[in-house]
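Trainee: What follows is a single structure, and I will ask about it in a moment.
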Amino acid sequence: MKFAVITHIKHFRENGDYYSYAPYVREMNLWFQHVDEVLVVGTFSSEKPGAIDLPYLAKQLDLRRVPDFDVLGLQSMLKTLILLPSILKVIYKTMQEADHIHLRCPGNMGLLGALVQIFFPHKPKTAKYAGNWKPGARQPRSYRFQKWILSNTYLTKNMQVLVYGEWPNQTPNVKAFFTASYSEKDKAEIPKRKYDLPLRFLFVGSLSPGKQPVYALALVAELIERGFPSELHVYGEGPEREKLNKVAKELNVERQLFLHGNQPSEALKEAYTKSHFLILPSKSEGWPKVVAEAMWWGVIPIATPVSCVTWMLDSGKRGVLLQVDLDSDAQKVQEHLLDKPKLKTMAAEAATWSRNYTLERFDAEIKKLL
């Protein structure tokens, strides 16, 4: 089987191998196990892969490079208009050769792929919508347009659209799905936490305004002010790093903030086992893997109710839902901290839920899709 992937993910090359963002590559390598040949249409960087990148593993891989593009300004829009014919030609030709078409959405390439796939109504297709599928959610217009095309069974034929969460009133081709980070063999004993002070909080993800790492720091600082000695350990890189350091000084919590940068999965695993809570005050998510990973190790998530997070946390039974209001959020967390038996129950229920979603189960579901 020739398996075509249309993706916006940036690729790197080193020692003859192609690398990309580790969580995405881990998932795609599971798909690749079940096909003979892989055709990937995506963008390419001349930089070397970083600590959070992994190599593709495929029997036969053909990476078809297209230039990066966006429509964020007049100049970039004009450039995109010039590039579009050649990009669309590559996508069309690749889909023409493929036995199965797989789109990675949302994104610029996903949008083009969603349009071009209309001309291949008889080919089997899947689309992984890794963003927020929640009906009515505030999203960029291009994202809403992709959702409309993918769920329109008149335009989109023979496709299964994989989305995060179970939502009412969906078209028959929309299928609730999940992702996984750990295997059955990773089901080690959950650390027994006493929730003694100081408390250890985690933030894992890009240090970007959308993830709101500065709010996570402000929340921890407020808890310290309320008499709960705490630390915040941050894993990730991004433009908010300098702001984190600045705010930490302003709030007088420089010694309680630890910036670890991007780290491989083994280092993250160790961080989970040592931590009590994960804070993710994100503005938008698809399936927040860091929440599921933290829950696997009995770390209690403190997260905003975006996308499928409310379902993951069972409306607050397996974690704490944020309102992104510092006083009310700090008060809610404080109430939980004063009830240690409840914390232990939440941690156990979080781990039980997360450990249902293993790589083995994920692989079995991929086999069914193919």
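The values are calculated or read from the model by the stated rules, or taken from the named source; none is laboratory data. Since we're looking at a predicted model, the values are computed, not measured. Methodologically, a virtual Cβ is constructed for each residue, glycine included, from the backbone with ideal geometry; neighbour enumeration extends over all protein chains shown. Each accessible area value is taken on the protein alone, full model and side chains, heavy atoms only, with ligands, DNA and RNA left out. Shrake-Rupley method; radii C 1.70, N 1.55, O 1.52, S 1.80 Å.
Trainee: Each residue of the range 132-137 in order: what ³J(HN,Hα) in whole Hz does its phi give by Karplus 6.51 cos²θ - 1.76 cosθ + 1.60, θ = phi - 60°, with x for Gly and Pro?
Mentor: 7, 8, 3, x, x, 5
Trainee: I need two numbers for the range 43-90: Rg to one decimal and Dmax as a whole number, Cα atoms only, in Å.
Mentor: Radius of gyration, then largest Cα-Cα span, for the range 43-90: 14.4, 42 Å.
Trainee: Further, regarding this structure: Regarding the chain, what whole-number volume in Å³ per residue does the convex hull of its Cα atoms give?
Mentor: Looking at the chain, the number lands at 145 Å³ per residue.
Trainee: I want to check a number: in the range 133-200, how many lysine pairs have alpha carbons closer than 21 Å, given a sequence separation of 8 or more or different chains?
Mentor: Here the count comes out as 5.
Trainee: Still on this model: How long are the three semi-axes of the equivalent ellipsoid of the range 144-188, in whole Å, if each is the root of 5 times an eigenvalue of the C-alpha gyration tensor, listed from largest down?
Mentor: Values for the range 144-188, descending: 29, 11, 9 Å.
Trainee: Right, next: Which of the peptides 244-254, 343-353, 295-305 is most tightly packed, and how do the rest follow, judged by the mean count of other Cβ atoms within 10 Å per residue?
Mentor: Highest-to-lowest ranking by the protection proxy: 295-305, 343-353, 244-254.
Trainee: On to the next question. Amide H of L199 versus every other amide H placed in the peptide plane: which residues, excluding those fewer than 5 positions away on the same chain, fall under 5 Å?
Mentor: Excluding prolines and chain starts, which carry no amide H, the hits are S230, E231.
Trainee: Carbon and sulfur together cover what percent of the accessible area of the chain at a 1.4 Å probe radius?
Mentor: 53
Trainee: While we're looking at this one, here's another question. Can you spot the lysines whose alpha carbon is less than 21 Å from K243's alpha carbon? Ignore those fewer than 8 places along the same chain.
Mentor: Of all the lysines, those that pass the test against K243 - Cα under 21 Å, at least 8 places apart if same chain - are K211, K283.
Trainee: Return the loop-located chymotrypsin sites (Phe, Trp or Tyr not before Pro) in the range 108-187 (DSSP other than H, G, I, E, B) with at most 15 other Cβ atoms within 10 Å of their own Cβ; answer none if there are none.
Mentor: Passing sites in the range 108-187 are Y154.
Trainee: In addition: Local charge sum around L83 (other residues, Cβ-Cβ under 14 Å, Lys/Arg +1, Asp/Glu -1)?
Mentor: +1
Trainee: How much accessible area per residue does the range 1-75 have, in Å², with a 1.4 Å probe?
Mentor: Using a 1.4 Å probe on heavy atoms only, each residue of the range 1-75 averages 51 Å².
Trainee: Please list, in order along the range 38-44, the HN-Hα scalar couplings obtained from phi with the Karplus expression 6.51 cos²θ - 1.76 cosθ + 1.60 (θ = phi - 60°), rounded to whole Hz, x for Gly and Pro.
Mentor: 10, 10, 10, 9, x, 8, 9
Trainee: Further question: When Rg is the radius of gyration of the Cα atoms in the range 1-124 and Rh is its Kirkwood radius, what does Rg/Rh come to?
Mentor: Radius of gyration relative to Kirkwood radius: 0.96.
Trainee: Moving to a separate point now. For the range 78-128, just run the numbers: alpha carbon Rg, then divide by 2.2 N^0.38 Å, N being how many residues it has.
Mentor: 1.13
Trainee: While we're looking at this one, here's another question. What would the Debye equation give as log₁₀ I(q)/I(0) for the range 99-138 at q = 0.21, 0.32 Å⁻¹, counting only Cα atoms as equal point scatterers?
Mentor: Log-scaled intensity ratios, in q order: -0.68, -1.09.
Trainee: So, one more: How big is D, in µm² s⁻¹, for the range 164-241 by Stokes-Einstein at 37 °C and 0.692 mPa s if Rh is the Kirkwood radius over C-alpha pairs?
Mentor: Once the numbers are plugged in, D ends up at 202 µm²/s.
Trainee: Step through the residues of the range 298-303 one at a time and calculate ³J(HN,Hα) from phi using the Karplus curve (6.51 cos²θ - 1.76 cosθ + 1.60, θ = phi - 60°), rounding each to whole Hz and writing x for Gly and Pro.
Mentor: x, 7, 7, x, 10, 9
Trainee: Under the rule of -39500 (n - 2.57) per DSSP H run of 4 or more residues, summed and divided by the residues of the chain, what mean residue ellipticity at 222 nm is obtained, to the nearest 500 deg cm²/dmol?
Mentor: Taking each H run of at least 4 residues, the total per residue is -11500 deg cm²/dmol.
Trainee: Hey, what's the per residue convex hull volume over the C-alpha atoms of the range 116-207, in cubic angstrom?
Mentor: Given the Cα convex hull of the range 116-207, per-residue volume reads 192 Å³.
Trainee: Here's a follow-up. Need one number: the % of Cα-Cα pairs in the range 229-341 sitting beyond the 26 Å mark.
Mentor: It works out to 18 percent of all Cα pairs.
Trainee: Lys pairs in the range 17-100, Cα-Cα under 25 Å, at least 8 apart or on separate chains: how many?
Mentor: 4
Trainee: Considering only the chain, what is the antiparallel percent among its DSSP beta bridges, to the nearest 5?
Mentor: So the antiparallel bridges amount to about 10 percent of the total.
Trainee: Over its Cα atoms, what ratio of radius of gyration to 2.2 N^0.38 Å does the range 131-280 give?
Mentor: 1.35
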